[in-house]
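Let me begin by presenting the structure, written as structure tokens, before commenting on it.
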Amino acid sequence: ARLGKLLGDCPAGRLWVWDESCSLTIELQGGVLTSPGDLNGLSGSPALAIEGADGTWEVISFARAELVGPKQWRLSRLLRGLGGSELAAQRFVAAGARCVVLDRAVKPLRQGLSALGEVWHWRVAASHLDYSDTMAVALDSTVSGAALIPLSPVGLTTKRTPQGIVLNWIRRARSDADGWGVSDIPMDEDVEAYQVSIIKQGQTIRQMMVSTTSCLYAATDEWADFGQAQSRLWVSIRQISSAVGPGAALTAQATILS
């Protein structure tokens, strides 16, 4: 794998669109990069993972790579927060942070539901050394469910009806979700379920569980919660995974349409 570090800061970036406002300058220990172009950039090939101070990683794709010094590359026309790392795209990462090029040289060690929670003890050494060599590095790792956490829903809309406020949203998926010729993308989960939270002054005051991408916030509940009809509403929606629980949240203040 091609490892390296950031030579400049990585500010927060925009999601779901080409980020032309900033570029990243990195230094690799070895290997070269080429400009993959827009189509490969959209497919995330190759991608770069950057580690933040909290130990979490953001995955970034790029369309342009320019050699600017010995082993130094400037990456531009970026796509931020890929692979479920959207929250990490909203942070600031200082120069010196570790990065790794995500290509076929990076191999998964453990995967699948059966591996969740397993603790593994590793010894890492150069290929010509034995694992018991004094130069080998020992480390422990626990298999997490981060790769299984549902992505946040998108496209929240609200409309007032005589029965109450109807909320609608669009679900997303991690697998087989890039097809443009299908009416709906496949489900990642065995069972479709969502947790809908109504928020008042930063606190959840009502929570509902639904099995479709639509929910009715009954007028009687609205009056019980607020004492009057609302023109705007803070809502948080999470898809629920049977394996790892609630996913990333769509949290937004929606304007209620008549």
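Filter the stretch 44-64 down to residues that are over 15 Å from the mean Cα position of the chain (by Cα) and over 17 Å from ASP9 (Cα atoms) and give me whichever is surrounded by the fewest Cβ atoms within 10 Å (Cβ to Cβ).
Restricting attention to the stretch 44-64, the residues satisfying the condition of being over 15 Å from the mean Cα position of the chain (by Cα) are 45-46, 53-54, 62-64.
From what is left, the residues that are over 17 Å from ASP9 (Cα atoms) are 45-46, 63-64.
Values: SER45: 13, PRO46: 20, ALA63: 18, ARG64: 18.
Filtering the stretch 44-64 for residues that are over 15 Å from the mean Cα position of the chain (by Cα) and over 17 Å from ASP9 (Cα atoms), the one surrounded by the fewest Cβ atoms within 10 Å (Cβ to Cβ) comes out as SER45.
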Original post:
Given (1) open to solvent by less than 70 Å² (accessible area, probe 1.4 Å); (2) of a type outside the set (A, V, I, L, M, F, W, C); (3) more than 30 Å from SER197 (Cα to Cα), where does ARG104 come up short, assuming only one miss?
Top reply: (1)
Original post:
Can you find a residue in the stretch 68-82 that is within 29 Å of SER141 (Cβ to Cβ), exposed (fewer than 13 other Cβ atoms within 10 Å of the Cβ), touching a Leu at 6+ places or on another chain (Cβ under 8 Å) and not acidic (Asp, Glu)?
Top reply: no
Subject >> Selection count where residues are of a type outside the set (D, E, K, R) and within 18 Å of the chain's Cα centre (by Cα), scope the stretch 170-184 >> reply: 4
Original post:
Does the stretch 127-134 contain any residue that is under 29 Å from the mean Cα position of the chain (by Cα) and surrounded by 11 or more Cβ atoms within 10 Å (Cβ to Cβ)?
Top reply: no
Original post:
Name the residues in the stretch 16-43 that are in contact (Cβ under 8 Å) with a residue 60 or more places away in the chain, touching a strand residue (DSSP E or B) at 6+ places or on another chain (Cβ under 6 Å) and open to solvent by 30 Å² or more (accessible area, probe 1.4 Å), would you?
Top reply: TRP18
**OP:** Among what's in the stretch 166-186 and is under 15 Å from GLY247 (Cβ atoms) and not in a loop (DSSP other than H, G, I, E, B), pick the residue that is least open to solvent (accessible area, probe 1.4 Å).
**Re:** TRP169
**OP:** Please report, ordered by residue number, the strands (runs of 3 or more DSSP E) entirely within the stretch 9-125 with at least 2 residues that are at pLDDT below 90 and within 21 Å of SER152 (Cβ to Cβ).
**Re:** none
**OP:** Kindly establish whether ALA218 is touching a strand residue (DSSP E or B) at 6+ places or on another chain (Cβ under 9 Å), open to solvent by less than 70 Å² (accessible area, probe 1.4 Å), small (Gly, Ala, Ser) and touching a residue at least 60 places away in the same chain (Cβ under 8 Å).
**Re:** no
**OP:** Output yes when any residue across the stretch 224-237 is open to solvent by 30 Å² or more (accessible area, probe 1.4 Å), at pLDDT 95 or above and under 29 Å from GLY117 (Cα atoms), and no when none is.
**Re:** no
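The values are calculated or read from the model by the stated rules, or taken from the named source; none is laboratory data. Remember, predicted model here, so these are calculated numbers, not experimental data. As a convention, Cβ positions derive from the backbone with ideal geometry for all residues, glycine included, and neighbour counts pool all protein chains shown. Ligands, DNA and RNA are stripped out before the accessible areas are found, and what is left, the full protein with its side chains, is counted by its heavy atoms. Shrake-Rupley method; radii C 1.70, N 1.55, O 1.52, S 1.80 Å.
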